[in-house]
1. Scan region 150-193 for residues that are surrounded by 19 or more Cβ atoms within 10 Å (Cβ to Cβ) and more than 19 Å from VAL221 (Cα to Cα) and report the count.
2. Test VAL127 against the criterion of being in contact with a Leu (Cβ under 8 Å, 6 or more places away or on another chain), surrounded by 17 or more Cβ atoms within 10 Å (Cβ to Cβ) and within 30 Å of ASN204 (Cα to Cα), and give yes or no.
3. Is it the case that region 193-216 has a residue that's farther than 16 Å from GLY72 by Cα and touching a Gly at 6+ places or on another chain (Cβ under 8 Å)?
4. Please determine whether any residue of region 195-214 is farther than 28 Å from ALA123 by Cα, without any contact (Cβ under 8 Å) to a residue 40 or more places away in the chain and not hydroxyl-bearing (Ser, Thr, Tyr).
5. Conditions: (1) surrounded by 18 or more Cβ atoms within 10 Å (Cβ to Cβ); (2) free of Cβ contacts under 8 Å to residues at least 60 places away in the same chain; (3) within 19 Å of GLU229 (Cβ to Cβ). GLU100 meets all but one. Number of the miss?
6. Looking at LYS192, is it more than 16 Å from the chain's Cα centre (by Cα), in a helix (DSSP H, G or I) and among the basic types (Lys, Arg)?
7. Mind checking whether some residue in region 196-207 is on the phi < 0 side of the Ramachandran plot and modelled with pLDDT of 90 or more?
8. Identify all residues within region 202-249 that are in a helix (DSSP H, G or I) and either among the charged types (D, E, K, R) or not assigned by TED's automatic domain parsing to the domain that holds LEU161 (or both); write none if there are none.
Amino acid sequence: MKKIIFTAALLFFTLNTQAQTLSEILGGIKKATETKTTDTKSNSNQIDLSALSSGDVSTALKQALNIGVEEGIQKLSAEDGFYKNEMVKILMPEELRKVENTLRTFGLSSIADEGVKLFNRAAEDAVSEAAPIFANAITSITFDDAKNILLSNDNAATNYLEEQTSVQLFNAFEPKVSASIGKVGADKVWEKLINTYNSFTGKNITTNLNEYVTDQAIEGVFKMVAEKESGIRNNAAFRTTSVLKDVFGALDKK
């Protein structure tokens, strides 16, 4: 009987100790989480935007985007602006990488290389006419919460622009890309690429080249804009107007 009582007491003590240990662990996690949350709120509260109106912040964000578009398009529309910039270079569509690999396997690398080169040439030609399309898109957007976008990550305004205007930009830009594809001869090389691949493999692959190059060209512009936005946010030398200095200067207090 004594043995049973002793065993039960030992079991109770063990369970109670484990419960206390678990409680301490959970309490520690909760405390660490609360501390992290408090630190995050504290860091946000250190940035004083009270002197800035939502209109000021919205104007600064749009200025940053416009500068990014203008400078980005200037660089991308130059010869090799896409082709020799690894950040935006247009490669074969993902689903057609096997076309490129097969051509190279059969010693037809020159056709594949020429195709990639002309995709980029078409984008370089078309993007030169993209400035007003992007400018109109930037003018038309309304920032639902400009201050929160300002306080977000380095590409927040660019991401917002992309989310709000991608369809509009695609519809306006696609005809220009189509004209450029014909102008540089990318359509003929593309047809030769596909026909050669199909003849070797017995398959029938078709891809809308115009849609693909349009998507890639727009994405390239957004990458350039994002890079510029990040520069303005993190480097005072990039802030070339009083509004940019006032608004983004507030972030320097982070």
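The values are calculated or read from the model by the stated rules, or taken from the named source; none is laboratory data. Since the structure is predicted, the reported quantities are computational estimates derived from the model, not experimental observations. Cβ: placed from backbone, ideal geometry, glycine included. Neighbour counts: every protein chain shown.
1. 6
2. Working: in contact with a Leu (Cβ under 8 Å, 6 or more places away or on another chain): yes; surrounded by 17 or more Cβ atoms within 10 Å (Cβ to Cβ): yes; within 30 Å of ASN204 (Cα to Cα): no.
When the stated conditions are applied, VAL127 does not pass them.
3. Yes, some residue in region 193-216 is farther than 16 Å from GLY72 by Cα and touching a Gly at 6+ places or on another chain (Cβ under 8 Å).
4. Let us first name the residues in region 195-214 that are farther than 28 Å from ALA123 by Cα, namely 199-203.
After this cut, where a residue has to be without any contact (Cβ under 8 Å) to a residue 40 or more places away in the chain as well, the list is 199, 202-203.
From the residues that got through so far, the ones that are not hydroxyl-bearing (Ser, Thr, Tyr) too are 202-203.
Yes, that holds for at least one residue.
5. Single failed check for GLU100: (3).
6. Numbers: more than 16 Å from the chain's Cα centre (by Cα): yes; in a helix (DSSP H, G or I): yes; among the basic types (Lys, Arg): yes.
Yes, satisfied.
7. So in region 196-207, the residues on the phi < 0 side of the Ramachandran plot come out as 196-201, 203-207.
Then drop every residue that is not modelled with pLDDT of 90 or more, which leaves none.
No, because not a single residue in region 196-207 is on the phi < 0 side of the Ramachandran plot and modelled with pLDDT of 90 or more.
8. Let us first name the residues in region 202-249 that are in a helix (DSSP H, G or I), namely 209-234, 236-238, 242-249.
Scanning region 202-249 gives GLU211, ASP215, GLU219, LYS223, GLU227, LYS228, GLU229, ARG233, LYS245, ASP246.
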